[in-house]
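Scroll down for the structure; my scribbles are underneath it.
The values are calculated or read from the model by the stated rules, or taken from the named source; none is laboratory data. Quantities reported herein were computed from a predicted structural model and do not represent experimental measurements. Cβ placement follows ideal geometry from the backbone for every residue including glycine, while neighbour counts extend to all protein chains displayed.
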């Protein structure tokens, strides 16, 4: 993070002396610094682009890392013979054998602890939770044994481990199987936490997680596994990694910054298109990719351009990812806000089973659009 | 060393928790003499003796208790969190070290070689669910794990009989063979662990050992240790079962050394500890600087760009 970002108090001091912002100027007229709607792509040659599902991207990432480093192994419930409860680990047992692709008993606390022990010993385990809901059985091991040991040992005992599995909203499975843990893990010093949306995100972030020498939590989403995305030629290579702490601008815009993550990125992009069609506003959509560390620099840069900000996520509203983004926005960018920042989150309710009620509990494209209209006073 | 820690704690030089193992010396000493440096040990928060046996120096351990920069964990761990080569703590959550220890054994099997992991937990921890989870996986995958319940008769203030439906802790591995060991006899501990190590080397999988021992002090320094047991009981254990006095008697009986020689060894040990404690007390505390506060949260070179402080002005940027 560059040092130009300063706490709001210092920004305020600068703003007062320079007085650059006319209070009456319409944000939509005066700040057309970028061409709206242009996707930023990092590759030049589109000919090598292939369609990948998120599932295939994760599978490829695991296979490549297992191939490249003998210290990497994967363990979890049903990861081997069953090919993964969600088929993310398909064919890995056949390819790498039972020494490196290991079915565990249903014993989350036990196998998470065991994987951590193996990591303390120098191996690089990938510990799959069938869903992150079940990892609550093991959260003590993740927080107390994995995240804190390096610090408690004065730096002599690292723990290179990756915890992964589907997180957050899932359809029709009720309260115990549909919960977002981003805020839980995002609050723990010593952990790094990422949440992929697209196939490229999934591959690049998982590979980076396995290679990172710290404990990393990878929060995937079940409903994304089957979705297809274009994968650049670069991302198809076996050395493709996405650095942590860097968000991606999925859609460029000048009128509103929409900060989001995981499945909500796709919903936000749809909402952004609808807002363009209906109201002619250009919404910038930021895919966080990384929850801890969080790329506040990209968020504030965008805010400086759009002067309006909204956070979108599917977790519970209280003390959540959106709450953190809004707090940071206030701290670092208060003087750039032309309207109070807003958030769209899951409802403060245990996820209900009945479809109509479930729909009311999580952000939809409609709620995102509705809140944006209100924020922009359209 | 533990007696020095006791004194330093009472002088208010040691902060927070401090769990001493006087009375339980034979367990740590016996185990270390039965295994190699390439084997692994993991234990609970009552860890000073093990940290010393695994290669920590008295001054670095006392230095850690005093929160010094040259302490074994650079002043970041404290009494409960000490690490050394082949020693994985020093773990503060009761029972959580047991599956972690199974993971150390898993890694030994994964990488090959004749190595074993000694995993220690107390009679209190033995009722944690994850202990049984670790037993299951260790047996299932034939891991070279020597589970060891240090039965010092009390989990904090709750006696074994009041906490455990079966107080024969060596039997609690069900499908894992168990051994009951006199944990007040260093030679018995050594022999049992030697046998256990051979057992794992022959690929027989895990063992559950119960070291029957006794802690003279309270659970921690804040516990006088007399509300849930009688002073007579403690006195009886000290006078009839003390592991150091017991070994001394063996040495004299077998004519290995004379009384004078042992007295000299004892004297030397006391003066050595005193010197080490003085050296530890002379160590500097960690400078209260952001650089030291925020180091080693993440592996060096892999840190995020900055770590947040209490207020934004205190944010610490790794790249200055």
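Odds and ends about this structure:
- Candidate set: segment A:353-373, residues that are more than 22 Å from residue A:273 (Cβ to Cβ) and within 24 Å of the chain's Cα centre (by Cα); chosen: the one farthest from the other protein chains (Cβ to nearest Cβ): A:360
- Restricted to segment B:1-30, and to residues there that are more than 11 Å from the chain's Cα centre (by Cα) and under 21 Å from residue B:188 (Cα atoms), the residue that is surrounded by the fewest Cβ atoms within 10 Å (Cβ to Cβ) is B:22.
- Filter result for residue B:132 (surrounded by 23 or more Cβ atoms within 10 Å (Cβ to Cβ) and either closer than 22 Å to residue B:182 by Cβ or facing chain A (nearest Cβ under 9 Å) (or both)): no
- Scanning segment B:238-275 for residues that are within 22 Å of residue B:184 (Cβ to Cβ) and part of a loop (DSSP other than H, G, I, E, B) gives B:242, B:254, B:256, B:257.
- Of the listed requirements (1) in contact (Cβ under 8 Å) with a residue 24 or more places away in the chain; (2) buried (at least 20 other Cβ atoms within 10 Å of the Cβ), residue A:80 misses just one: (1).
- Any hit, segment A:351-362, residues being touching a residue at least 40 places away in the same chain (Cβ under 8 Å) and in contact with a strand residue (DSSP E or B) (Cβ under 8 Å, 6 or more places away or on another chain): no
- Of the residues contained in segment A:77-99, none is found to be within 18 Å of residue A:218 (Cβ to Cβ), in contact with a strand residue (DSSP E or B) (Cβ under 6 Å, 6 or more places away or on another chain) and in a strand (DSSP E or B).
- Within segment A:49-68, not a single residue is free of Cβ contacts under 8 Å to residues at least 12 places away in the same chain and either in the same structural domain as residue A:223 (by TED's automatic domain parsing) or surrounded by fewer than 21 Cβ atoms within 10 Å (Cβ to Cβ) (or both).
- Strands (runs of 3 or more DSSP E) (entirely within segment A:133-240) containing at least 3 residues that are touching a helix residue (DSSP H, G or I) at 6+ places or on another chain (Cβ under 7 Å) and either buried (at least 24 other Cβ atoms within 10 Å of the Cβ) or facing chain B (nearest Cβ under 9 Å) (or both): A:162-166, A:216-220
- Residue check for residue A:258: more than 28 Å from residue A:127 (Cβ to Cβ) and free of Cβ contacts under 8 Å to residues at least 24 places away in the same chain: no
- Residue A:109 touching a helix residue (DSSP H, G or I) at 6+ places or on another chain (Cβ under 7 Å) and either facing chain B (nearest Cβ under 7 Å) or crowded, with 20+ Cβ neighbours inside 10 Å (or both): yes
- Residue ID - nearest to residue A:221 (Cα to Cα), chosen from residues in segment A:252-268 that are more than 14 Å from the chain's Cα centre (by Cα) and assigned to a loop (DSSP other than H, G, I, E, B): A:252
- Checking each residue in segment A:241-253 for being within 14 Å of another protein chain (Cβ to nearest Cβ) and either in contact with a strand residue (DSSP E or B) (Cβ under 8 Å, 6 or more places away or on another chain) or under 20 Å from residue A:87 (Cα atoms) (or both) picks out A:244, A:245, A:246, A:247.
- Note on segment B:125-164: residues that are under 27 Å from residue B:226 (Cβ atoms) and without any contact (Cβ under 8 Å) to a residue 12 or more places away in the chain total 2.
- The listed residue being touching a helix residue (DSSP H, G or I) at 6+ places or on another chain (Cβ under 9 Å), assigned by TED's automatic domain parsing to the domain that holds residue B:217, surrounded by 13 or more Cβ atoms within 10 Å (Cβ to Cβ) and over 30 Å from residue B:157 (Cβ atoms), out of B:281, B:259: B:281
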